[in-house]
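One structure below.
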Amino acid sequence: MLVVVLGAGFALVGSWLLIRDVRDPVADLTKEMNRIQEGDLGRRAPDLYADEFSALISGFNMMINRLEMRQERNRQLLQSYFSTLAAALDARDKYTAGHSMRVAEYSILIGKLSGMNEEQADLLYKSALLHDIGKIGIPDEVLLKDGKLSEEEFAIIKTHPVLGENILLQIEPIDAMADFLPGVRSHHERYDGKGYPDGKAGLDIPLFGRIIAVADAFDAMTSDRPYRNGMSYEKALMILEEGKGSQWDPYFAGLFIDEWRRQQHLQKPSEQGIS
């Protein structure tokens, strides 16, 4: 009888150990697969097992490495795509060459000064690159006119934020550009509600729109045009300062003005700009 009991006990212990040897690695793999499904590629499954399970986990980790490489390549391709779109738009007019890139750089500076995290800052940067994409739909005789625009021509120019939004809405899948639409549509809204296209005011203006508005205005004021030379940085900063709370968000305009002047103070008198 004792032999039977001992035999049964050893069998139970052996079965439990066998089940554990199978259950634990499977549970670890399941946990890691669920994490990957949620978009987290930052860790690897622990390779604490032997034989077949060790090979399985090694293969799993190799798959993660390849997914990370593909994800980074896709990120680089997407960044290149945004930059190419912006460059193609700016190429229509030699006087605005580089405008979208400068606005993006100024915008991300403001975003980071405000404490924006890396993910949000990246979305802001891409939104700023695309902020004028709607000008693709503006006729050359209006967009490239040397002199002052008539009221009718200015009304056409004012359609470009909505045109830009509509262009981005054509990109599949339908939600691919969702994060960029608010900044593109609202970058000509004014803090006092007198802007376009929706006449939004204050904090009702989307965050990216309020930031891009400051960056866009500064670059427009300091860039040369066929009918005028760009103004000095200091004069443009003074106009931004005067327009805080009326044309531009006072917080974001203030951040930009203070940082630009701080950087100028640190540089040699002959240098200008933000390093």
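Within the range 139-179, the set of residues being touching a Gly at 6+ places or on another chain (Cβ under 8 Å), open to solvent by less than 50 Å² (accessible area, probe 1.4 Å) and not charged (D, E, K, R) comprises His160, Pro161, Val162, Gly164.
From Ile257, Ile212, Ile274, Ile205, grab the single residue that is among the β-branched types (Val, Ile, Thr) and modelled with pLDDT under 95. That would be Ile274, the only listed residue that is among the β-branched types (Val, Ile, Thr) and modelled with pLDDT under 95. Considering Val103, Val142, the condition of being at pLDDT 90 or above and assigned to a helix (DSSP H, G or I) is satisfied by Val103 alone. In the range 237-259, which residues are touching a residue at least 40 places away in the same chain (Cβ under 8 Å), surrounded by 19 or more Cβ atoms within 10 Å (Cβ to Cβ) and in contact with an Asp or Glu (Cβ under 9 Å, 6 or more places away or on another chain)? Result: Gln247, single match. Within the range 129-138, restricting attention to residues that are in contact with a Ser or Thr (Cβ under 8 Å, 6 or more places away or on another chain) and aliphatic (A, V, I, L, M), the residue that is surrounded by the most Cβ atoms within 10 Å (Cβ to Cβ) is Leu129. Among the residues of the range 157-213, those that are of a type in the set (Gly, Ala, Ser) and part of a loop (DSSP other than H, G, I, E, B) comprise Ala176, Gly193, Gly195, Gly199, Ala201.
Does His187 satisfy the condition of being over 16 Å from the mean Cα position of the chain (by Cα) and buried (at least 16 other Cβ atoms within 10 Å of the Cβ)?
So His187 fails the test.
The values are calculated or read from the model by the stated rules, or taken from the named source; none is laboratory data. Since the model is a prediction, treat every value here as computed from it, not as a measurement. FYI the Cβ positions are ideal-geometry reconstructions off the backbone, even for glycines, and counts take in every protein chain you see. All accessible areas refer to the heavy atoms of the entire protein, side chains included, with ligands and DNA or RNA removed. Shrake-Rupley method; radii C 1.70, N 1.55, O 1.52, S 1.80 Å.
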